[in-house]
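Working notes for the structure below.
The values are calculated or read from the model by the stated rules, or taken from the named source; none is laboratory data. Keep in mind the model is a prediction, meaning the values are calculated, not measured. Ideal geometry is used to build each Cβ from the backbone, glycine not excepted, and the neighbour counts take in all protein chains shown. To get the accessible areas, we keep the full protein, side chains included, count just its heavy atoms, and leave off ligands, DNA and RNA. Shrake-Rupley method; radii C 1.70, N 1.55, O 1.52, S 1.80 Å.
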Amino acid sequence: MPNGNLQVLNALDVARTQWYHFTAIIIAGMGFFTDAYDLFCISLVTKLLGRIYYHKAGSSTPGSLPSNVAAAVNGVAFCGTLTGQLFFGWLGDKLGRKRVYGITLLLMVICSLASGLSFGRHPNDVMATLCFFRFWLGFGIGGDYPLSATIMSEYANKKTRGAFIAAVFAMQGFGILAGGMVAIIVSGAFKAQYPSPPYFKNPNGSTVPEADYVWRIILMFGAVPALLTYYWRMKMPETARYTALVAKDAKQAAADMSKVLQVDLEEERKQEKPGEKKGNDFGLFTTKFLSKHGVHLLGTASTWFLLDIAFYSQNLFQKDIFSAIGWIPKAKTMNALEEVYSIARAQTLIALFSTVPGYWFTVALIDKMGRFRIQLMGFFFMTLFMFALAIPYHHWTLPNNRIGFVIMYSLTFFFSNFGPNATTFVVPAEIFPARLRSTCHGISAASGKAGAMVGAFGYLYAADAIGVQKSLIILGVISFLGMLFTFLVPESKGKSLEEMSGEVEQENGNQTQGGQQSSTEIRIAQA
C-alpha cells in the first residue's frame, strides 16, 4: 500500500479527463502563444528596421541592419530566455510553481510594450534600447518554459499526460501563426493608407515615415494575450505534487485537488518519527543524482541544444532563404511595407501548412507512439530533408523548382514539430523528481536556448561566409547528431511521474524500514 502522498498523487494519475485539464492547457498554453509570438515576430520586422534606420543615400539597395546589429536584435531575447529558464526553473522548485508563475507573465507584458516604445536620437540608440527590453522580455519568457511544463505535467493524468503537455507547447505554433497574421494586417492596412513607390523608383519615398509605427505595433501586440490570461493564472492552485512531495503538506494538497478533480480526499496523519530523513532527498549536485538521473539530464539537454540550433536557424532566417531562391521578390522591387507584407505572408503559409499541423500530430500521437519514437523519427526526417535541400541546392534555385523547395523546406518544419521540438519540451517535465523537476527542465530548456543563440548568431554569419547550401548541410549534420543523442532519453509513456523519477521506490522503501514513518492516508470517494 503506498503512503498517503502517493495515494493523492495516484488520484491525479487515474483521474478522468475533466474541463479543468483543458482550462489548464489554455492558461499555460497562452503563455507559450505569447512566448512564440514575441520571439519570432522580430524576424518579420528586421528588414523594415534596416530600411528605416540604416538607409544610405544613393545606395542601389535598401538599408539593412549591420551584421552585428542584426545578430543582437535577433538573438538578445534568447540570451534573456536562457537566463530566465535557469533562474525561474530553480525558483519554481524553491518557492512553488504558482508563486513564480505570475511574475513571468507580468514581465512579458511590460517588456512587450516597452520594446515597441524604443526611442533614441540615433539608430544605434533605438537598437540598443530595443535589445535591452527584448533581453528582459526573454527573461520572462524563459521562466514560462519550466513552469508551464511542470505545472501541466503535475496536473495531468497518466494516460493523457504527454498530449496535455504537448498541447501547451503546441500553442507555440499558433503564436508563430499569429505573428505572421498580425504583421499582414498591420502592414496591409498601412500600405493601403500610405501608398509609396518601390525602392528602385524612389529610394527615399519607398519608406514612408508612418512605417516606423508598423514594427512597434507588431511587437507591442505580444502583451495582449499575456494580459488576458493573468487573472486566471493567479487563480490556479499550487500543484499537488509540489505541495505533497516538496512542501510536505498533504492536507493542503488534498484540499486543492478535491476542488480540481471533483473528488473527496480525506487525510489522516500518522506520527512522524523525530529526526527521520527520507532517502530520496538528494540534491542536484550529488553523486546520487548523477547516478540516477545524470545520463537523462545529459540526454534532454543535448537533444534540445541540437534541435534548437536547427529549428531557430530555420525560423529566424527563413526570409533570407526565401529571398535567396526568389520566392520573395528582391527588396529593391518593393517598398518597405510591401516587404513586411511579403515576409509575413511567407512565414504565415509555412506556419499554417507545416508548423501548426506538426505540433498537433504530436499531441494526437504522443501517448500512442511514445516520446522516444516521435523524437527519433523527427530528427531522422529533419536530417533527410536538410540533405535533400542542400545537396542539389542549385536545382532548387531554378525558377521552375522553387515551389518544390518550399514544400521540402516546409517538411523540415513539420517533422521538427512532429518530433523533437515537442518531445524535448515534454520529457524533462516527466522524468525528474518533483523537488528538482522545474530546475532540471530549466537546465534542459536553457541548453536549447544556447542552441538557439548558436542558430541566431552563427547562421547569420555562416550564410554570409559559406552560403546557404553549406549552412543547410551543417544543419543536416546537427539533426543527425540529435538522432544519436536521443538514445540517452528514457521513454515515459504510460508511467507515473513518481515511477519515472524513482520517487515510488524511495517512498515505499522508507515505509518498509523499521520504525514509524511519516505518512498520510487519504481515502478517496467519488464526489
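Values for this structure:
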{"read-out": "Among SER115, LEU297, THR287 - extreme Cα towards positive end, dipole of the chain, charges at beta-carbon", "value": "SER115"}
{"read-out": "Selection from ILE391, PHE87, ALA11 lying farthest towards where the dipole of the chain points positive, charges on Cβ", "value": "ILE391"}
{"read-out": "Alpha-carbon Debye profile of the chain, log10 I(q)/I(0) at 0.08, 0.09, 0.13 Å⁻¹", "value": "-0.52, -0.64, -1.19"}
{"read-out": "Prolate/oblate/rounded label for the range 25-125 (Cα gyration tensor, a/c 1.5)", "value": "prolate"}
{"read-out": "Accessible area expressed per residue, the range 98-151, with surrounding protein chains retained (probe 1.4 Å, Å²)", "value": "37"}
{"read-out": "Relative contact order (percent, whole number), the chain, Cα cutoff 8 Å, 6+ residue spacing", "value": "27"}
{"read-out": "Gyration tensor (alpha-carbon) shape descriptor, the range 87-196, a/c threshold 1.5", "value": "oblate"}
{"read-out": "Surface share of carbon and sulfur [accessible, 1.4 angstrom probe, percent] for the chain", "value": "65"}
{"read-out": "Cβ crowding within 10 Å averaged over residues, with 31-39, 107-115 ranked highest first", "value": "31-39, 107-115"}
{"read-out": "Order by protection proxy (mean Cβ within 10 Å, highest first), peptides 43-50, 292-299", "value": "43-50, 292-299"}
{"read-out": "Overall form of the range 210-255 per C-alpha gyration tensor (a/c, 1.5; a/b vs b/c)", "value": "prolate"}
{"read-out": "Positive-pole candidate from MET220, SER67, GLY455, dipole of the chain, charges at beta carbon", "value": "SER67"}
{"read-out": "About the Cα centre, charge dipole magnitude for the range 314-406 (Lys/Arg +1, Asp/Glu -1 at Cβ), debye", "value": "120"}
{"read-out": "Size of electric dipole in the chain: Cβ of Lys, Arg +1 and of Asp, Glu -1, about Cα centre, debye, nearest 20", "value": "680"}
{"read-out": "Helical mean residue ellipticity (222 nm; -39500 (n - 2.57) per DSSP H run of 4+; nearest 500) of the chain", "value": "-23500 deg cm²/dmol"}
{"read-out": "About the Cα centre, charge dipole magnitude for the range 387-499 (Lys/Arg +1, Asp/Glu -1 at Cβ), debye", "value": "120"}
{"read-out": "The range 356-455: relative contact order as a whole-number percent, Cα under 8 Å and 6+ apart", "value": "35"}
